[in-house]
Amino acid sequence: MRVTSSSYGGYATSTSLTMADGNRPYPQNLQGVLRLAVEAGSASDDPAPYAPMSQERIEFLRGALSEVCKGQLDEVEQMKWCVSVLLQDKGEGREDEEEEDEKEAVLEMLCDLCDNLDNARDLMKLGGLEVCMSRCVRHDEAGVRWRAAELLACCAQNMPEVQLYLLQHGMLHTLLQLTDHDTHPTVRVKALYAVSCLVREQEVGLRDFLSHDGFSVLMRGMQSDCEKLRTKSAFLLLNLLNSHPEHRDTVLSMGMVQQLVAVLRSSHSSVHEHVLGVLCCLVEDSERGVCDCRDPSLGLEELLNQRIQDLQGQEESQEEVGFCERLRAACVRAQPKEENIMDR
């Protein structure tokens, strides 16, 4: 093949490629190269119903994109081109599989580029985040939705300027809805990741989170069938309560102790360590938290005793055992005090 110069979107690309045998010319712009990469990734496959891209195919597309852009476009120009792909709309109803794959590929590329905080800020200034919010986060295809949520999380992490921009555009409410109601588990997990990036150590985000009943979303997340969502919901709840103990009463008023104990009675998993951590946080210097944990109908003390016995000698479970002992001690210490008050 030979390489000649061409342009796309108003800037030089040097990506016009022609097959040496002349049978099939390569496209004359970056969009065409991307489409060719998508076609090449599936050319040898028999026609089959649409399924999400395999990891192998994703890596192929990302590699093809990187090779096209290497040494030809700086990172800002690469982001401009990616945004132009996301903006394309043929106005013919539902996108075909290739167009969906293109969007997924460029969202992955943008996520890689935005590991650099300067690029995350530049993407916001280029209007790329607005495009992501308006065209991708609510896309029909789950593969586009979860990659869009991941991109928002990547850009917002440790970037107050981007966090405030997304909050001002109402994105936290949308992400909480995706976490709570999306039918695809990966979308829910990635949306929660983005929520975390908007509320941890971000006072404006936390107020928005509270106004949209975010703690209830986390409680339902811990009750879901998705292991990752349960674990990440419990971890975020623990983080928020440790950082903002003033919100413990809000959580206790929701019946959170009863819900958390119910989670502990499910099949043992990694989420239990975080749930026990949350319960320890709720009883610390809180009479109401202790009182809720000592409710006889919960049988929490018996459950803790059994859990400690089951996990003894397991090195990887020592932190969970520590939470069990700490929680048991807090509840047992409070019991004689309350009984003495009653005796008087």
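The values are calculated or read from the model by the stated rules, or taken from the named source; none is laboratory data. Note that the structure is a prediction, hence the values are computed from the model and not measured. Here the Cβ is made from the backbone with ideal geometry for all residues, glycine too, and neighbour counts use every protein chain on show. What goes into the accessible areas is simple: the full protein's heavy atoms, side chains included, and nothing from ligands, DNA or RNA. Shrake-Rupley method; radii C 1.70, N 1.55, O 1.52, S 1.80 Å.
Which of rounded, prolate or oblate describes the stretch 243-310 when judged by the alpha-carbon gyration tensor and an a/c cut-off of 1.5? Write down the numbers at each step before the final one.
Working: a/c = 1.90, a/b = 1.48, b/c = 1.28.
Prolate shape, in that a/c is at least 1.5 and a/b is the bigger ratio.
As a length-normalised measure over Cα pairs under 8 Å and 6 or more apart, the relative contact order of the stretch 116-258 settles at 19 percent.
Roughly how big is the stretch 99-229's charge dipole about its Cα centre, with Cβ charges of +1 (Lys, Arg) and -1 (Asp, Glu), in debye to the nearest 20?
With only Lys, Arg, Asp and Glu charged at Cβ, the dipole is about 420 debye.
Packing here is the average count of other Cβ atoms within 10 Å per residue, and on that basis the peptides 274-286, 233-245, 130-142, highest first, run 274-286, 233-245, 130-142.
Taking 22 Å as R0, compute the FRET efficiency from the Cβ-Cβ separation of Arg265 and Arg220 and round it to 0.05.
After rounding to 0.05, the efficiency reads 0.80.
Note on Arg138 and Gln312: the model spin-label points, each 7 Å out from Cα along the C-beta direction, lie 5.7 nm apart.
Summing Lys, Arg as +1 and Asp, Glu as -1, what charge do residues with Cβ under 12 Å from the Cβ of Pro160 carry, Pro160 excluded? Net of charged neighbours comes to -1.
Net charge in the neighbourhood of Ser224 (other residues with Cβ under 15 Å of its Cβ; Lys, Arg +1, Asp, Glu -1) is +2.
Quick one: of Lys80/Lys103; Lys103/Lys232; Lys103/Lys190; Lys80/Lys190; Lys190/Lys232, which pairs are farther than 19 Å apart, Cα to Cα?
Those over the limit are Lys103/Lys232; Lys80/Lys190.
With R₀ set to 51 Å, the beta-carbon distance separating Glu319 from Ser84 gives a calculated FRET efficiency near 0.60. Straightening the chain between Ala329 and Asp96 buys 77.9 nm, computed as 0.36 nm per residue apart minus the Cα-Cα spacing. Apply the a/c threshold of 1.5 to the C-alpha gyration tensor of the stretch 127-269 and tell me whether it is rounded, prolate or oblate. Verdict is oblate for the stretch 127-269. If R0 is 35 Å, the Cβ-Cβ spacing of Ser253 and Leu117 corresponds to a FRET efficiency of close to 0.35. Apolar share of the accessible surface for the stretch 263-313: 43 percent from carbon plus sulfur atoms, 1.4 Å probe.
Pick out, from Phe235, Leu304, His272, the residue whose Cα sits farthest towards the positive end of the charge dipole of the stretch 224-344, with +1 on the Cβ of Lys and Arg and -1 on the Cβ of Asp and Glu. Farthest along the dipole direction, towards plus: Phe235.
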